[in-house]
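Note sheet for the following structure.
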Amino acid sequence: MEGDANNNDDYGDDVEEDEAADQDGAATNKDDNNAEEDDPANKNKSVKGNPTGVTRLFLGNLPFAVDESSLNDFLGGYMTHVKWITDKETGRFYGSAFVEMRNSKDAAGAVAKAGTELMGRPIKINFAEARSGDIWPPKQRVITGGKQAGGGGGGGGGQAGGYGTKAMSEKPEGCTKLFIGNLSYDIDDDAITKFFANVDAELKAVRWLHHKDSGDFKGVGFVEFWNTEACEKGATLNGKNLLGRPIRIDWTD
């Protein structure tokens, strides 16, 4: 029996060594795959769904509350640059943008998501090869209304239309509801009520959005006011800091 016990111990050691080797191998393969995807030689490689190897995309029907972080998450985390398309005079966001993806494979994956909803809106996504003479990708990671932000690896939130009511979509007549996004996961009814009370905007109702499967908070929600005047006051807080994060606000029906 003692010999059997020793054999079992040896077997257990062999299994642990095999599992460790498998884990090391998986980690190595993952690193190799990442290195391959980041290799400049593969950036414009012809791939399935993108035979010409284009990495520049046009996106339309974007929500006015979108920012660099939420758009990058929507595109799988492989967006390297974004240029928000805005009015040259007013800076008002048009709901569209040009983006650069890490490589042609990531671009093809993003285009395959055309029609998928972001913040309740189906997004238009097309390949958009840069014209001859265009400086693309831009030197800076984020461009808003001709202004550049996020040099190198840094940068702020990259909100599409800037801040305040001028950055929002057209207000529906008699609107009493607002979309609120980029919220801290520590937010609650009391905190959001006090936030809007700063501009004398009394809330009538609050609705937080959660993932259907996990139940996790999505970081967004909707607030309703008693009248349109209070709603307009609340909208002026777009981009203001709430629990350490600039809140995104837009009109909604």
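The values are calculated or read from the model by the stated rules, or taken from the named source; none is laboratory data. Remember, predicted model here, so these are calculated numbers, not experimental data. Here Cβ is always computed from backbone atoms with ideal geometry, including for glycine, and neighbour counts include all displayed protein chains. When the accessible area is computed, the model is the full protein with side chains, heavy atoms only, and any ligands, DNA or RNA have been set aside. Shrake-Rupley method; radii C 1.70, N 1.55, O 1.52, S 1.80 Å.
Residues considered: G153, G161. Of these, the only one that is in a loop (DSSP other than H, G, I, E, B), farther than 19 Å from T252 by Cα and modelled with pLDDT under 60 is G153. State yes or no: is N126 in contact with a Phe, Trp or Tyr (Cβ under 6 Å, 6 or more places away or on another chain), of a type outside the set (A, V, I, L, M, F, W, C) and either within 27 Å of P40 (Cα to Cα) or at pLDDT 95 or above (or both)? Considered against the rule, which asks whether it is in contact with a Phe, Trp or Tyr (Cβ under 6 Å, 6 or more places away or on another chain), of a type outside the set (A, V, I, L, M, F, W, C) and either within 27 Å of P40 (Cα to Cα) or at pLDDT 95 or above (or both), N126 comes out as yes. Among the residues of the range 225-244, those that are within 24 Å of the chain's Cα centre (by Cα) and surrounded by fewer than 18 Cβ atoms within 10 Å (Cβ to Cβ) comprise T236, K240, N241, L243, G244. In the range 36-54, the residue that is surrounded by the fewest Cβ atoms within 10 Å (Cβ to Cβ) out of those that are touching a residue at least 40 places away in the same chain (Cβ under 8 Å) and either under 18 Å from the mean Cα position of the chain (by Cα) or farther than 21 Å from S132 by Cα (or both) is K48.
Can you tell me how many residues in the range 60-71 are within 8 Å of the chain's Cα centre (by Cα) and open to solvent by less than 40 Å² (accessible area, probe 1.4 Å)? Outline the logic, then answer.
Of the range 60-71, the ones within 8 Å of the chain's Cα centre (by Cα) are 66-71.
The next check asks that each one be open to solvent by less than 40 Å² (accessible area, probe 1.4 Å); those that pass are 66-68, 70-71.
Counting residues in the range 60-71 that are within 8 Å of the chain's Cα centre (by Cα) and open to solvent by less than 40 Å² (accessible area, probe 1.4 Å) gives 5.
Filtered by the rule that a residue be among the charged types (D, E, K, R) and either part of a helix (DSSP H, G or I) or modelled with pLDDT under 95 (or both), the range 210-249 gives K212, D213, D216, K218, E229, E232, K233, K240, R245, R248.
Scanning the range 168-201 for residues that are modelled with pLDDT under 95, touching a helix residue (DSSP H, G or I) at 6+ places or on another chain (Cβ under 9 Å) and farther than 16 Å from D250 by Cα yields a single hit, S184.
Pairing each residue of the range 189-211 that is more than 18 Å from K233 (Cβ to Cβ) and open to solvent by less than 60 Å² (accessible area, probe 1.4 Å) with any residue that is modelled with pLDDT of 95 or more and part of a loop (DSSP other than H, G, I, E, B), provided the two are 6+ apart or on different chains, yields C-beta distances under 8 Å for W208/I187.
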